[in-house]
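Everything on this sheet refers to the single structure shown next.
Computed from the coordinates by the stated procedures, all read-outs in this text should not be read as laboratory data. Model, not experiment: these values are computed from the prediction. Glycine gets a Cβ as well: all are built from the backbone with ideal geometry, and neighbour counts include every protein chain shown.
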Amino acid sequence: MSTHRQPPPAPASPAFLLAQVGGHAAARFAERTAELGLNPPDVGLLRMIATRPGLSQRALAEELGVVPSRVVALIDGLEKKGLVERRRSTEDRRHHELHLSPVGLQALHAVREVATAHEADLLAALTPAQRAQLTELLALVAGQQGLTPGVHPGYRTLPKPAPRPKG
């Protein structure tokens, strides 16, 4: 009787490990932010608006690499939650500037606490020096790949917004 042994699994490649850890980290972060009533795209937009108050919707769409109508739908959701305010531009009345509301600032503070705990949990196996090295190496890879610093590429794959009612 012959027994067929399975070959040992091949060692995981760096690309696979990045995808595996990235998928796990994204799912866990989404779970954690859901407890705040937010999803990861909401968090990213709040962070971008907080770092550049007064940013126009058009400029935000360009930074995210998406069509302006997608940004309008995303901002509509944040505005309905009371997190973001659209203010008519004083320089060009055709444009709106984006600002966090007081509630949005509180939400961003809560997100920072969640993100700090998330990172500590995710990287608990690493020393501070290893964390710094990992950050440096991942920044090199992201830069070489042409990724926009601070912008998650997932914005390009979000579902298309529902048509706005006319009238």
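Here are some notes:
- The gain in end-to-end length when the V141 to Q106 segment is fully stretched comes to 9.3 nm, 0.36 nm per residue minus the alpha carbon separation.
- Across region 24-157, the mean sequence separation of Cα contacts (distance under 8 Å, 6 or more residues apart), normalised by length, yields a relative contact order of 28 percent.
- Remark: spin-label model distance A115-Q133 equals 2.6 nm, labels positioned 7 Å along the Cα→Cβ axis.
- Taking the Cα centre of region 24-157 as reference, the dipole from Cβ charges on Lys and Arg (+1) and Asp and Glu (-1) amounts to some 340 debye.
- Extension gain (nm, one decimal) between A124 and R87, 0.36 nm per residue minus Cα-Cα: 9.1 nm
- Given the chain, longest segment not containing exposed loop trypsin sites (Lys or Arg not before Pro) (DSSP; at most 16 other Cβ within 10 Å): 6-80
- For the chain, the mean residue ellipticity at 222 nm estimated from helices alone is -18000 deg cm²/dmol, where every DSSP H run of n ≥ 4 contributes -39500 (n - 2.57) and the total is divided by all residues, rounded to the nearest 500.
- Solvent-free Debye calculation, one equal scatterer per alpha-carbon of region 1-118: log10 I(q)/I(0) at 0.18 Å⁻¹ equals -0.96.
- Comparing V84, V103, V71 in a Gaussian network model of the chain (Cα springs below 10 Å), the most mobile by mean-square fluctuation is V103.
- Prolate/oblate/rounded call for region 98-147, Cα gyration tensor, a/c under 1.5 rounded: oblate
- Exposed GluC sites (Glu not before Pro) absent: longest stretch of the chain, with sites in DSSP loops and at most 16 other Cβ within 10 Å deemed exposed: 92-167
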